[in-house]
Each structure stands twice: as structure tokens, then as C-alpha cells.
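Below: one structure, written as C-alpha cells.
The values are calculated or read from the model by the stated rules, or taken from the named source; none is laboratory data. This structure is a prediction, so every number in the text was calculated from the model and none was measured. Here Cβ is always computed from backbone atoms with ideal geometry, including for glycine, and neighbour counts include all displayed protein chains. Just so you know, the surface numbers come from the protein's heavy atoms only, side chains and all, with ligands and any DNA or RNA stripped out. Shrake-Rupley method; radii C 1.70, N 1.55, O 1.52, S 1.80 Å.
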Amino acid sequence: MATTIALIGAPTDLGGLTLGTDQGPTRLREAGLISRLQAAGLEVTDLGDVPVPSRQPRFTGLTKLERVATVARWVGKHTWRSIAEGMTPLIIGGDHSFAMGSISAAAQRVPGLGVIWIDAHPDFNTPETSPTSNIHGMVLAVAAGLGPEPLVRLAGFTPMVHPERIVIIGARAIDAGEAGNIRDAGVHLYDAEYVERHGIQATVAEAMAYLATRDVRAAHLSVDLDVLDPRLYPGVSTPATGGLTGPELVTAVRSVGELARIVSMDIAEYTPSEDVGGATAEIAIQVAESALVASARHHGSRELQTHISAA
């Protein structure tokens, strides 16, 4: 049986800026994400979009934190169920705050889970260090056990993933406070300067080799599209100067898939209103395809391996 991808939409902008990340899942589907995955030999079950509360508290009675947590819990439920049923969840956003749900659920279902975080921002702030108070900039810290208690204990346990089983690749916009948080937590950071010196493929190989020494047996891969150079791929809400090219990011995620079994994957922060020409949507689809096909080929079914080899 071929690998089955469970597609989960997280159409939220509650954790960040109101620039249109909530439209990301719809636009990625319209751009052909499902058909491209199927053409690559992957089966796809589209589970639709999770419910998202209104940004207006008068309509929900919920605080901002509670609304973000609600979305993450829904993402977690769908992710947990998908893995339990033998599928590989692909969660498309939406701002990166939804990843608290996918990480927590994957950690519940998969022993020895490691997290590979590919992002222009480490998202390792806490309320005390964040210059913006935007929750999408705190997600990885929450996963490592730092931050607001309702988020840290979203799944009833903390940390979601031990900090020594987390690597950050490609970050280039790092706040002073979160840099200290990363050091104190013991998370391995391979920043943009490191990638520039060593190359993306060698950097990923080193990161995966490090995770192997921490008994990581499977990976949650979380990709924020703002790791890309915004001059070439503008469809993000928080662009940062510099960044990877599209082929470099494709190489990075393919390498992850070759070196580890990807049990769940996020593609976050796609912002259609900023994506002049559609280049960001196209590379987002290539990223999903490359990572998931590589993982299936090297760690998945014989049927899919044969299909890909013949393609």
C-alpha cells in the first residue's frame, strides 16, 4: 500500500499578523497541491480545515491565547487520529501557531520524536522576551516547555519534545531574548550564517546526525516559508532579508526525508495576498512533494518505491 498523506488545513492568522495567512490552505489546494502529491505516487486524504474562532473576542468570549489554543487542539486531534490510522499528516497554514497541535500530537503517538524547524525565525520567544507578543513567535519554545502554562500543557504533558531533540535550521532573524532562551534550553541552532558557510545539504546532514545521537527515531518537519529569500518568494507575512533559494529549501527537506522517517509535516505562514506571481505557492508544493516522497522512498512502502523509481 502506498503512503497516505492526511491533508489538514489550519486557516488561522490568530497567532500573528492579519495579512491573510488564513487563506493559505485554500490557495495551496487551488494551486494543485493534492494533484501534485498524487502524481508523485502518494495517496492523499483531504480532511478539510480545522475550525478557527473569530479574531473578535466579542463573538467567542475567548482571549487571544485561548483562541490560538483552540486551533492547536483541533490540529492536534486531526494529527493524532491521522497517525493512529497509519497516515502521514501534512498540515498547511495558516500562521505557525498551529504547530503546537501537530507537534504535541506527533509526540504522543511516536516515541523518540525529533523536531526539525526550518524557519527564518526560531520562534523561541516567551511572553517575557517577545518584542511583539505574537504567539506564532513562541511556538517552538512552547514545544520545549517554555511559555504560557495553558499552551505548554496543551496536550497534558510538558515538554512536548525534549529540547535536545530539536534542531533549528536557517534562522536569521533572532531576537536577543530568544537567543538566550535557545542557549539555556540546549536546542541546537544552525543559523543562516552556518548554512552559508557549510551549505544546506551538509548542514542538514550534520543536524540529522546530531539528532541520531539523541535516539531520535522519527521526525516532525516544520517549514516556515519565510526561510526563503523574500525577493524571490514574497508570499509570507514576516519576511526577513536574505534566506534560502527555492532549490536549497527543496534540497533541505529532501535530505531530511532521506535521513529520517517523517511522521508529520507542517508548511506554515503562506500568505497569498503577498505572493505576487505565485512563486511561493509553487515552491511550497515542491517542498511538500520532495520531503514526503523522499521519506516514503527511504522509509515507506515497497509499492511507492517502485512507482517513484519508474517515474
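A few comments on the model shown:
- Surface accessible to a 1.4 Å probe, per residue, for the residues of the chain, Å²: 38
- Among the trypsin sites (Lys or Arg not before Pro) in the stretch 231-282, those placed in a DSSP loop whose Cβ has at most 12 other Cβ atoms within 10 Å are ARG231.
- FRET efficiency for the SER273 to THR241 pair, using the beta carbon distance and R₀ = 22 Å, is estimated at 0.60.
- Charge-dipole axis of the chain as Lys and Arg at +1 and Asp and Glu at -1 on Cβ define it, positive-most pick from ILE262, VAL287, LEU47: LEU47
- Carbon plus sulfur fraction of accessible area for the stretch 100-178, probe 1.4 Å, in percent: 48
- Segment LEU47-LYS77, length gained on full extension (0.36 nm per residue, minus Cα span): 9.6 nm
- Oblate is the label for the stretch 7-112, because a/c, from the alpha-carbon gyration tensor with a ≥ b ≥ c as root eigenvalues, is 1.5 or above and a/b does not exceed b/c.
- Most mobile of LEU90, LEU17, LEU113 in a GNM of the chain (Cα contacts under 10 Å): LEU17
- Relative contact order of the chain, pairs being alpha-carbon contacts under 8 Å that are 6 or more residues apart, as %: 22
- Anisotropy class of the stretch 74-207 from Cα gyration tensor, a/c 1.5 cut: oblate
- Taken about its Cα centre, the chain carries a charge dipole of about 800 debye when Lys and Arg each add +1 at the Cβ and Asp and Glu each add -1 at the Cβ.
- For the stretch 166-264, the gyration tensor built on C-alpha atoms gives an oblate shape. Its axis ratio a/c (a ≥ b ≥ c) is at least 1.5, and a/b is not larger than b/c.
- Summing Lys and Arg as +1 and Asp and Glu as -1 over all other residues whose Cβ lies under 9 Å from the Cβ of PRO11 gives a net charge of -3.
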